[in-house]
Structures are given as structure tokens and as C-alpha cells.
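Have a look at this one before I ask anything.
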Amino acid sequence: MEFCCGKSKRYICHMFAASWGSRIMNPVCSARLGNMDSELDAAIRTSEMCSLCRCGCCKDECPMYAEILEESISPKGRNVLFRALSQGLISPDSKTVRIAYSCLLCKRDEISCSAGLKNAQATEAFRQYLVDHGIPLLSGHNVLVKSLENYRNPWQESKAARKRWAKEFQDRRLVPGKTKTLFYVGCTYALDRSLQESPRALARAMEWFGEDFGLLLDLETCCGSTAKRIGHKRLFDELRGENERRLREAKVHTIVTACSGCYKTLKQDYPELDKEVQILHSTEYLARRIRDHRQELPPVTMKATYHDPCHLGRYAKIYEAPREILGSIPGLTFAEMSSSRELSRCCGGGGGVKTAYPEISLAIAKKRLRDAEATGADALVTACPFCVQSLRAAAEATGSKMEILSLEVLVWRSLSQGGGQRN
């Protein structure tokens, strides 16, 4: 039978993996690795199941493979490499590191995977394996780690710098036990001066809707997403522990964040926290408040398209809330891109790729920008700081006139058209 992505091959791969996946564990791997955590164990199983399928469907939509055109860079190539590494057939070297970190963790390949393998999770575990075995990180990632260790953010900024964006909200410092809702800003929105209009817009909108919310300001700590995506489990566990303690002490009912990376991390990588407090992305929060407001929002005249961030879309399955918000703004014409929702093309900003391989990241962002321009839209709206960064870089590099903005900024633009009165 041909190794293709036809229905018969997809069915066989899926059934083979489903039938044998729970029983696969090469005894050599088990003996060599000893006691494994669940993520590493799952990665070994993924690599074993991938070796049974051999279809290569994953590379068809892998944005990194499309740029580099090397089999080893595809998800299948990484799985083959990790399998050989875990069995002791090879020793890690600089090429191993390059392959492990040439992945956006976007999960687009998983939509095409015949067996439904969790390749992004396996890649994170692959990276963790390298870090745990003392393999040096890429130089750019070393800088991130040092910054996280020293400043509790990846941007080499002081803790006090977190307050810069919030000069008009200093009276919003959270009071434990009294404040009901925490606006968890995240490092990138708080510290990248070019993006600070987004947290200000959301905070203003929350005030407009009469929300009782608070901020941690300089006491906020990185959620640890950056550390986890590059495989630094020790540092991630450390940051998670600090955050869980502080968030529990806050005694809030709801956490709202506009950063898709923070949302994914708090919601999915802090397994106990989601059981104790409601965690909302700003798109979920705003969609609810607009729905409850029951009055037509002030108009914004533009034609806009929307880019689904990977962490918000394929990871969290939040597709409707952003589109509901866009549909609620009078005067706005929405144009969907040809690749959207679970099929959305990655912006190129995730998985540590932008730090390690900025040229490749930019090339991928340019492709996404062209997708947006093909709709004839005036503006490209998204809901993630890294997406805004990457897509703005692409627009600047190509001379595009398309406006790149966050959904929070667009919502506040609408609300402020009516005078921006606070409730």
C-alpha cells in the first residue's frame, strides 16, 4: 500500500496507533530512562507509534518543514530522532538540538496526523530530555532563562517595569480576599512598550463594564510558559509554584488574561488551579460582557479579518468568542481567511523559534500576512501578544499598509466612540 494520506492509509494508521498505543514501550527505552514523568513517557509512546505509521502526513502542513524542507525537521523526523536517542542508538549533538527546537509547537501538523499523535507535547518532552541531560540550550534561549531566573520575566526588565503600562490604574492593586477578578497581564503585554495599548484597552473596557478587578502590578510573576516550551522543567515548576501560591493567596473568583500563552499555561499546565478559580481569556470575558450589556456597541467602520492564535485556537478550542465580538461591532465587515480556525496558519512566533531562528519566524509571518491581505481587509485582528509582534514585523518588512491590532484594542476603540464613559 502506498505511503500517502488517502483514506485507507489514514484509517490503518489511526487504528494501528489506537490499538497498540497503550501497550507500546520499547524495553530498551524503559531500562535506559528509568523512572519517567508522564510527559516523557507519552513522548516515547508517540515516537514508537509514529514509527509504526510511517505516513509522513504531518509534514504536509508543518510551517517549519515548508521553510527548511528537511525531513528531520518534520514532526515525523523529530519523532524518529527522539526514538533513536531514547534507545541509546545515537548521542545528542548540535544537530539534535537544532531539530528539537525547529518547531513552533503550533499543532497544525496534528490536524493532518493520520494517527492523531500529540506531536507538540512530544517535542516539549524531547526538549526537556535534552535539558535534563545537560545538553546546552541555544544561545538565545539561554538569555531567556537567565532573565527568568533574575527578573521573573523573559524580557530582561526589572520587576518595577511591570507597572509602566498601568499608570492610570495604580489604584487597582489587588486586595486579597476583597477583589473578585484578577487581570493577569503577562510579561509581554506588560513589558513590550509597543504592545501596552492592549492591556490598557482591556483594563479600560473592564472598568467600562463595571468590573471589580485588580492587578498584581510589580508582584506579577511570569506564568512559566517560555520556560516550559523550551523544555526547562525545573524553572517552570519553580515559577508555577510561586504563581499558584500567590494566586491562591489572592482569593479571587476569576482570572482574566489577554495573553493566549498565559491562558494556555494557567488553564492547562496548572492542573489544580483551574479547579479552584475560573480562568478566562479576554475574548471569552469580553464576549460575555458584551452579550450581557444588551445594548448595541458604538460603530467602528472597517473591514477586518481575524487570526486564530495557536494557543487559543488549536490548544484551547476558542474559536467562536472572538468572532462573536467582531460580529457585535456595528460598521465592521468581517472577512474570514481561507485558512482559519483549526486550520489556521501559525504566525511564526511560538515555541521559541522567533528567539532562535528569527529569519524563519519572519518568513512564516509573511505568509500569514499574505493570507490576511488576500481577504481585502483593512485590519488584521488577533488575540495574542506574540501574534501581534510577529505580524507587525511582517507588515513592516513587506511595507504592508494593513493595520495589526489586538481584539482588546478594537473593542475599546468601539466603546470609546461612545465617549468611553465608565459604568
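Find out how many positive minus negative residues lie around MET337, taking Lys and Arg as positive, Asp and Glu as negative, among other residues whose Cβ is under 11 Å from that of MET337. If you can, show how the numbers build up before the last one.
Details: positive: ARG341, ARG345, ARG368, ARG370; negative: ASP308, GLU336, ASP371, GLU373.
Charge balance in the 11 Å sphere: 0.
Compute the helix-to-body angle for 38-53: its Cα long axis versus the longest principal axis of the chain, expressed 0 to 90° and rounded to tens.
60 degrees
A further question follows. Say R0 is 22 Å: what FRET efficiency, to the nearest 0.05, do LEU69 and GLU359 get from their beta-carbon distance? The partial results should precede the final answer.
Numbers: r = 15 Å, r/R0 = 0.67.
So, using R0 = 22 Å, E works out to roughly 0.90.
Helix 385-398 sits at what angle to the longest principal axis of the chain, using alpha carbons and giving 0 to 90 degrees rounded to 10?
Helix 385-398 sits at roughly 90 degrees to that axis.
Can you tell me the length gained on complete extension of the stretch GLU342 to ARG193, counting 0.36 nm per residue apart and subtracting the Cα distance? Walk me through the numbers on the way to the answer.
Details: separation 149, 0.36 × 149 = 53.64 nm, distance 3.06 nm.
Fully extending the segment from GLU342 to ARG193 adds 50.6 nm.
Which one is right for this structure if Kirkwood radius over Cα pairs in Å is calculated from it: (1) 22.4; (2) 23.0; (3) 26.2?
(1)
DSSP beta bridges in the chain, what fraction antiparallel, as a percent rounded to 5? The partial results should precede the final answer.
Values: 0 of 20 bridges.
Approximately 0 percent, going by the DSSP bridge assignments.
Turning to a different aspect of this structure: Using modelled backbone amide H atoms (1.01 Å from N, in-plane), which distant-in-sequence or interchain residues come within less than 5 Å of ARG173's amide H?
LEU215
Oh, and also: What does the charge count around LEU219 come to, taking other residues whose C-beta lies under 9 Å from its C-beta (Lys +1, Arg +1, Asp -1, Glu -1)?
Values: positive: LYS159, ARG162, ARG173, ARG246; negative: ASP218, GLU220.
Residues near LEU219 contribute +2 overall.
Where is the GNM fluctuation largest for the chain (alpha-carbon springs, 10 angstrom cutoff): MET302, MET49, MET402?
Result for the chain, Cα springs under 10 Å: MET302 fluctuates most.
Now a separate question. Show which lysines lie in cross-link reach of LYS303 when reach means a straight Cα distance below 16 angstrom and same-chain residues fewer than eight apart are skipped.
Cross-link targets: LYS401.
Any idea what angle helix 233-250 forms with the longest principal axis of the chain, computed on alpha-carbon atoms, 0 to 90 degrees, nearest 10?
Once rounded, the angle reads 30 degrees.
Next question, about the same structure. Based solely on its DSSP helices, what 222 nm [θ] is calculated for the chain when runs of n ≥ 4 H residues each add -39,500 (n - 2.57) and the sum is averaged over all residues, nearest 500 deg cm²/dmol?
Using -39500 (n - 2.57) per qualifying helix, the result is -14500 deg cm²/dmol.
Longer than 32 Å from Cα to Cα, which of LYS167/LYS233; LYS118/LYS354; LYS95/LYS366; LYS228/LYS317 are they? Say none if no pair is. Let's see the in-between values first.
Working: LYS167/LYS233 34 Å; LYS118/LYS354 22 Å; LYS95/LYS366 27 Å; LYS228/LYS317 20 Å.
Listed pairs above 32 Å: LYS167/LYS233.
With loop defined by DSSP as not H, G, I, E or B, and exposure as at most 13 other Cβ atoms within 10 Å, which is the longest segment of the chain clear of exposed GluC sites (Glu not before Pro)? Numbers along the way, then the final one.
Values: sites that count: GLU2, GLU272, GLU296, GLU336.
Longest run free of exposed loop sites: 3-271.
Counting pairs of alpha carbon atoms under 8 Å apart in space and at least six apart in sequence, what relative contact order in percent does the chain give? Numbers along the way, then the final one.
On the way: 731 pairs, mean separation 63.5, N = 423.
Across the chain, relative contact order equals 15 percent.
Laboratory data are not the source of any read-out in this text; all were calculated from the coordinates shown. Predicted, not measured: the structure shown is a model, and the values here were computed from it. Cβ coordinates were reconstructed from backbone atoms using ideal geometry, including for glycine residues, and neighbour counts include every protein chain displayed.
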